[in-house]
Each structure stands twice: as C-alpha cells, then as structure tokens.
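The structure appears right after this line, and notes come after that.
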Amino acid sequence: MRRTGRATGVWQRDGADRGGRRHVRGGAIGATVSVTSQPLWRIRLGRDLPRFALYAMAVWGVVASARYAIAPPRPPTPRAAVPERPDRAAEGFAVLFARHYLTWSAARPAAYAESLAPFLGEGLAEAAGTELPAVGTQEALWAEVVQERRGPAQERVYTVACQTSGAGLLYLSVGVVRDTSGALALAGYPAFVGAPRAAPAQDVAEGFEEVDDPPLEAVVARALRNYLAGATSELAADLTDGAAVAPPGLSLTLDSLRRLRWLAGGGSVLALVEADDGRGARYALEYELDVEQIEGRWEISAIQTNPES
C-alpha cells in the first residue's frame, strides 16, 4: 500500500510485520524510525519500580525504628582489668634482704658482706656498696612490705618498712625480678625512701543509718559479749546454722555497745563497743556483723572475719 504527497514525501509500509517490528521509511528525508513492541508487564514494572523502592525504604525505616525502640544498641561493656596477683615469694625475698641489709656490726664488716653475698652474686658490688661506720651496731627488729609498684623494666619494686635498733623506723625500696628459670634476684641497688602517704583517720560509719530495733541491739550486744569473752557455747545460740566465727585470743569483757548502724544493703550492721582486758586496759573496738531475721528472730551469720576464707 503506497501513498504519495509532495509535502510529506513518500511513505512505504511493508506488506508484512517481521518479528513484531514495523519499519517506516521516509523516502524524502532519509530517516528510519523503529517501533519495538514490549510486554505490558515490563512496561508497568518500569513505571512502578521507583514507587516500590520507596515503599521498601519506608518499611525498612519503620522496622529499624521498632528494633531500636525494643532493643536499643548498648555500648560494649569494657572488660574489667584483672588485678595482678601478688608474688609472695618476691615479697619475702625483699623483706629478707632488707633485714640483712639493715643489720650490721662495725666491728665485723666481713660478716656483714658475707650475709649479703647470697643476694648480690656478681651483679652488684660487695656488701651492696655499703661502707660501715667505725663504731656501732644496728639490728633490724622487724620488716614488712607496705607498698608495691612496677619498675622501669617491669620488675616488682617493694617498699619495705623496717624497725631498726639504731635509726628507728626506716623505709627501704627493693627491686626484685625473676630470671629465665624463675629464680628471684635483686633488680639493682636498694634505696632509702619515705613512708607511703597517710591521711587522718575517717569514721566511715558517719553516713550510715542508726539501728532502731531493740531486739537486734540486744542480740548484737549479747553475741559480741560472748565473742570477746571466748564463750563459744553461749555464742552459738545467736548464730545461724553454718556460721563460722573465730573469737580473739585475748579475752575481753564488753562494757558497752556505744553505737550500732546499718550498712548499705541492710544485711549487715557496724557495732562500736567498749571493752577491757581485765588488767586495766580499755579499748574502743568496731565490729561488722552479718545479720539475718529467721522466723522473727535475729541471728548472726558472721562477725568481722571469715575464718574459712
């Protein structure tokens, strides 16, 4: 089928469609236009896809908001630092060295050097570089570790308090290391230092509530009276089943219960008492007691210490 016109040129339509295509040829202007047929579902999908994507994003936002509302994210809990275990052997090594180092006799310098030799080996000078005075003696009466820190080479540095017969109370800093075999050794020379910092005593019970319970006060007073006197059979009547207590070795007489206060949590009380030892010495003593009310009666489950720990 052909149509002819001067204004529009010559248009020709093929007699048969091939593969669903139609070709229109413009004879006058030489251009070719192709028209491709597509399934209806694909056309609708291309038209509706942006809308579906918007819906999906909205639903995702609602779900995320609900999740945050129901189970909000929590910051990671930092792992508690594990405290370093004390090295009792190293502490004893430092104390033993301090006692030898601070015990000497001017008349026997060779004996002093000999007593220190096992600690020094070939690493330090003889007698740890100490020169004794011309006269006099000194004895270490007691010594104990009062402070510990890590040194620059990760050695343990102990502050040892030592009571001496000549110079009084001294504080000696002693570094201790372990070699590759695990043996203990001095980490350099010792140093005289000052005492650890101390502050005035504080009465921590001031912030706790006074006990206003006469039956509890009576049980605490009776239990402490028997505890201080070492009357274990009488004390047992006020203890819970399985309670473990260890009365002091010094027998004391309870004179008065001066103060009784609740500790935080309500399961323990702090008792301030006055007691004497029968020789004229009087003491103000403070005891922490764990208490339980069992079938309407107060009982004691612990007094100050746990002898089984």
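Every number here is computed from the coordinates shown, using simple stated rules; none is lab data. Remember, it's a predicted structure, so these values are computed and weren't measured experimentally. Cβ sites come from the backbone with ideal geometry, for glycine too, and all protein chains shown count toward neighbours.
Can you compute 3J(HN,Hα) from phi for each residue in region 278-284, using the Karplus curve 6.51 cos²θ - 1.76 cosθ + 1.60 with θ = phi - 60°, rounded to whole Hz and x for Gly and Pro?
For region 278-284, the Karplus curve yields x, 10, x, 7, 10, 10, 9 Hz.
In whole angstrom, note down how far apart the Cα centers of region 174-215 and region 234-268 are.
If you average the Cα positions of each part, the centres end up 27 Å apart.
Ranking request for peptides 119-130, 46-57, 153-164: highest mean number of other beta-carbon atoms within 10 Å first, then the rest in descending order.
Averaged packing, sorted descending, gives the order 153-164, 119-130, 46-57.
Hey, can you rank 165-173, 215-223 by average C-beta count inside 10 Å, highest first?
Top of the packing list down: 215-223, 165-173.
Say R0 is 41 Å: what FRET efficiency, to the nearest 0.05, do GLU209 and ALA110 get from their beta-carbon distance?
With R0 = 41 Å, the Cβ-Cβ based efficiency is 0.05.
Could you list the trypsin sites (Lys or Arg not before Pro) in region 78-135 that lie in coil according to DSSP, counting only those with at most 10 other Cβ atoms within 10 Å of their Cβ?
ARG79
For ALA244 and THR130, what is the calculated FRET efficiency with R₀ set at 41 Å and r taken between the beta-carbons, to the nearest 0.05?
0.25
How many angstrom lie between the C-alpha centres of region 120-134 and region 271-309?
First find each Cα centre; the distance between them is then 51 Å.
Students often get this wrong: which residues of region 233-263 have the backbone nitrogen under 19 Å from the point 7 angstrom along Cα-to-C-beta of ASP276?
Residues 250-259 qualify, since their backbone N sits under 19 Å from the label point.
Would you kindly give the portion of the calculated P(r) for region 88-193 that falls above 19 Å, as a percent of all Cα pairs?
Of all Cα-Cα pairs in region 88-193, 41 percent lie more than 19 Å apart.
Between ASP87 and SER309, how many nm apart are label points set 7 Å from Cα along the C-beta direction?
2.7 nm
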